[in-house]
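Here's the structure, in structure tokens; my notes come after.
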Amino acid sequence: MKYHVENKTVIKRAASVLLALALVLTSVMPMAASDTYAAAENGQTETKAADVSVATEAQSASEVKTATVISNCPAAYNKSLSETLEITADIEPAGGREVQLQRYNSADDTWSTVMTGSAELQDADDAKETGSETEKAAVNVRFAVPEKERSKTNSLWRIYVPATDDAAEAYSENIKVTTQNLENLKLSARTACIYRIDDKGEGSLIYSKKADMQHAQASTTKLMTAILLLESGKIDSTTTISNYAARTPYASGRLAAGDVYKNRDLLFAMLLPSSNDAATAVAEGVGGSEAGFVSMMNAKAEEMGLKNTHFRNPHGLDADGHYTTAYELAKLTAYAYTFPEIRECWATQYKTIKSVKRGRKWTCWSTNAIFSYISNFLGGKTGTESNAGCCFTGVYKYGGSTYVTVVLGSGYGFSRWSDTKKLHGYIRDYATTGY
């Protein structure tokens, strides 16, 4: 019994020593572990540093995804509402991925998915020899947009491809869709259009009634005459009225041969009461002769890309081979609007001018009756002739955008103004929605 008691005593003492040793080791271990990892950061513990590096590389490799490329996606479409609208793009990598066609909602600044498709190879001839190459091949996707989904005059769209386990998400640049002719306006004009000018000075046709049909333009011609005068650098010079200019058909009768006028005053005479004799005098002063000036007019039209516009005179009286289109007159009007001198004339209801030599005075009144009927109207140019009918081209501001409206061949009386009011109503109802 004594032996067993002694053994128990020894065991208890050994257990106490071991417990004390364990407590000491526990207090030391955190510090040792900390020192070990600090050494690893300094490159002193090669094994642990290598292990951390391998783990980091493996993690990074798992997070890397193949970039998604959206290509061959047109930036803009300009179509009539009745035409088929098909938005297309190439997607790479494909591999049967989901592709969404989204439309922008300006009210809440969001994109909503209108249609969903799949980027799949359609036949075996499109595929590569290996499966991996097939997955990466660019595939063309097409969305035939229903008419009801594009009933706004202007709308923004994009192609969106969600991410997968292997490929990142992507979306195309914004796609601008312009839809013409949302309704029949029942105009008296033979040809008409609305042309929207964006903040970059570029335009788009948002309404067309035979806008590419050649038609006589009457005194809207004088916009080109005014442009060439301003580009000649002679706006602050003077011009002597010749016998030929004073005898221009349907002249104002106010400009007598031998009178001398400032060209700036002749500009007002051309653009306010539409003086034919003033236009002829400017043509002679800038071009040396009327014929020389007409050559300049046609050269300028060609420079501007106006392929369906041709001039025979500087004033717009009916003549064979003197014509334009509503669309090209809208482009010419938009260009004229860039000149502050023309904008000043357009904003003026009347102007008193006088000859430098004899002091003859003449109060020029604007022919633009639309000022009385439309707010936000910035001005424009009228024209009336037997063949051309009643014409008008004008600039109009609405909703932060600038629009040119053109009517050629309207009926007599109030018809051109009634037609113009309908075009402005179209802008208010449709053109500023859907962005």
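The numbers here are math on the coordinates, done by the rules we state, and not lab data. Keep in mind it's a predicted model, so treat the numbers as computed, not measured. Here the Cβ positions follow ideal geometry from the backbone for every residue, glycine too, while neighbour counts run over all protein chains shown.
Put in order of Cβ neighbour count within 10 Å, fewest first, the listed residues 224, 115 become 115, 224.
Given R0 = 51 Å, the distance between the Cβ atoms of residue 234 and residue 82 translates into a calculated FRET efficiency of 0.55. 3J(HN,Hα) along region 270-281: 6, 8, 8, x, 6, 6, 5, 5, 5, 5, 5, 4 Hz, from the Karplus curve 6.51 cos²θ - 1.76 cosθ + 1.60 with θ = phi - 60°, whole Hz, x for Gly and Pro. Computed packing ranks the peptides 67-80, 376-389, 296-309 as 376-389, 296-309, 67-80, most packed first, by mean other Cβ atoms within 10 Å.
Suppose every Lys and Arg Cβ carries +1 and every Asp and Glu Cβ carries -1, with no other charges. What dipole size does region 191-431 come out with about its Cα centre, to the nearest 20 debye?
On the way: 27 positive and 21 negative charges, 145 e Å.
About 700 debye.
Judged by the ratio a/c of the largest to the smallest principal axis of the C-alpha gyration tensor, region 240-399 counts as oblate, that ratio being 1.5 or greater while a/b is no larger than b/c.
For region 139-297, rounded, prolate or oblate, judged on the Cα gyration tensor with a ≥ b ≥ c (square roots of eigenvalues), a/c < 1.5 rounded, else prolate if a/b > b/c? Since a/c reaches 1.5 and a/b is larger than b/c, the shape of region 139-297 is classed as prolate. Ordering 244, 289, 333 by the projection of their Cα atoms onto the charge dipole of region 220-349, which places +1 on the Cβ of Lys and Arg and -1 on the Cβ of Asp and Glu, puts 333 at the extreme positive end. Over region 318-412, the hull volume per residue, using the convex hull of the C-alpha atoms, is 145 Å³. Give a quick list of trypsin sites (Lys or Arg not before Pro) in region 195-294 that DSSP marks as loop, anything other than H, G, I, E or B, with at most 11 other Cβ atoms within 10 Å. Those that pass, being in a loop and sparsely packed, are 200, 247. For residue 291 and residue 397, the FRET efficiency from 1/(1 + (r/R0)^6), where r spans their Cβ atoms and R0 equals 45 Å, is about 0.70. Each of residue 213 and residue 198 was given a label point 7 Å from its Cα along the Cα-to-Cβ line. The distance between the two points is 3.0 nm. Counting 0.36 nm for each residue step from residue 173 to residue 356 and taking away their Cα separation leaves a gain of 60.1 nm. Ordered by the number of other Cβ atoms lying within 10 Å of each residue's own Cβ, fewest first, 259, 108 fall into the sequence 108, 259. The modelled label-to-label distance for the pair residue 260/residue 371, using points 7 Å beyond Cα in the direction of Cβ, is 3.1 nm. Exposure proxy ranking for 161, 282, based on other Cβ atoms within 10 angstrom of each Cβ and starting from the fewest, stands as 161, 282.
When peptides 352-365, 265-278 are ranked by their average number of other Cβ atoms within 10 Å per residue, the highest-first order is 265-278, 352-365. Quick one: of 354/397; 307/421; 262/421; 209/234, which pairs are farther than 31 Å apart, Cα to Cα? Over 31 Å apart, Cα to Cα: 354/397; 262/421; 209/234.
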